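Read the figures in this text as sums done on the coordinates, not as results from a lab. Note that the structure is a prediction, hence the values are computed from the model and not measured.
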Amino acid sequence: MAKILGLSGVFFKCQDLDAYKAWWHTHMGVDITDWGTMEWVTKDAGPNGLRSMFSPFQADTTYLEPSAKNFMVNLRVDDVKTLIQKAKAGGAQIIGEVEDTEYGVFGWFLDPEGIKIELWQEPSG
């Protein structure tokens, strides 16, 4: 049965991206990845670990559209396609098409509060 496995990350708009990331690195000791994210991996949660992400974007990003919110939630799931259909059946606005990439399967929708939700299914293998 298709289900949500957990919170994968929170993506949000940021007024001064470089200063924000520098603050987290300098004052909180957080390493910033090549992708510009802050990530934590729990090694005992399977072969690839369980990754949690805190990801700031430029204030003018369009990645969070069509939501008017300044943030988006990324959820780790086991079956993006089925969960997108369940969201649609529940009245959610589906955004774009499900994408199967080398980084996994992705799907997007706006929930009843207008929050953009990104579903992510880890690539197999």
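Here are some notes:
- Using alpha-carbon coordinates, inclination of helix 80-89 to the longest axis of the chain, degrees: 70 degrees
- Percent of beta bridges antiparallel (DSSP, the chain, rounded to nearest 5): 70 percent
- Stretch gain in nm, segment Ile95-Val10, where the contour uses 0.36 nm per residue and the Cα spacing is subtracted: 28.8 nm
- Centre-to-centre, using Cα atoms only, segment 22-43 and segment 50-125 are separated by 22 Å.
- Three-way shape call for segment 4-121 based on the alpha-carbon gyration tensor, with the a/c threshold at 1.5: oblate
- A Stokes-Einstein calculation at 25 °C with viscosity 0.890 mPa s, built on the Kirkwood radius of segment 53-125 over Cα pairs, returns a diffusion coefficient of 193 µm²/s.
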